[in-house]
Amino acid sequence: MVTVRHKRSNAVFRAIADPTRREILRLLRGGQHTVGEIAANFRTSRPAISKHLRLLRSAGLVITQKHGTARICGLNAKPLRSIDVWLREYEAFWGESMRSLKSYIEENKPHDRRNL
């Protein structure tokens, strides 16, 4: 069963799956920008950047506000926590795997024959 939380989490994963959207988020980490300022950083058309921004907004990662005729975009990093939570579920696995690998290597390491 897909819950609202899982739907939001899936939307965040979809949003960051694209390198252009990740770059937009990186730009917004530095502060708010207009859509035009964001678009100026890419070779893609402004309508294409607007489409990326709509997807980021729908995932809750970008907040926009009108300031005169300009739309100001800002980062809302809070939804990224769902990715952090998901990754933490695997940290224990990775940590254990690395410890097991280290033990295996240490146990099977060839002996230095010069000391024989």
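The values are calculated or read from the model by the stated rules, or taken from the named source; none is laboratory data. Computed from a predicted structure; not experimentally measured. Methodologically, a virtual Cβ is constructed for each residue, glycine included, from the backbone with ideal geometry; neighbour enumeration extends over all protein chains shown. Accessible surface is based on the protein model in full, side chains and every heavy atom, while ligands, DNA and RNA are left aside. Shrake-Rupley method; radii C 1.70, N 1.55, O 1.52, S 1.80 Å.
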Residue 34's amide H: which non-local residues (gap 5+, or another chain) put their own amide H closer than 5 Å, with H modeled 1.01 Å from N in plane and none for Pro or chain starts? 73
Accessible area per residue of the chain at 1.4 Å probe, in Å²? 78
With all protein chains present and a 1.4 Å probe, the order of 24, 83 from largest accessible area down is 83, 24
Distance from the stretch 15-53 to the stretch 58-94 (C-alpha centre basis), Å: 14
Quote the charge dipole size of the stretch 1-106 about the Cα centre in Debye, to the nearest 20; the model charges only the Cβ of Lys and Arg (+1) and of Asp and Glu (-1). 580
Would you calculate, for the chain, the mean residue ellipticity at 222 nm contributed by helices, counting each DSSP H stretch of 4 or more residues as -39,500 (n - 2.57) and dividing by all residues, to the nearest 500? -19000 deg cm²/dmol
Relative contact order of the chain, defined on C-alpha pairs under 8 angstrom at six or more residues apart (%): 26
Give me the percent of accessible area attributable to carbon and sulfur for the chain, probe 1.4 angstrom. 54
Rounded to whole Hz and in sequence order, give me ³J(HN,Hα) for the stretch 37-47 from the Karplus expression 6.51 cos²θ - 1.76 cosθ + 1.60, θ = phi - 60°, writing x for Gly and Pro. 5, 5, 4, 5, 8, 10, 7, 6, 5, 4, x
What figure, in Å² to the nearest 10, do you get for the accessible area of residue 21 with a 1.4 Å probe and non-protein molecules left out? 30
Karplus-derived 3J(HN,Hα), 6.51/-1.76/1.60, for each residue of the stretch 18-26, Hz, glycine and proline x: 9, x, 5, 5, 5, 5, 4, 4, 4
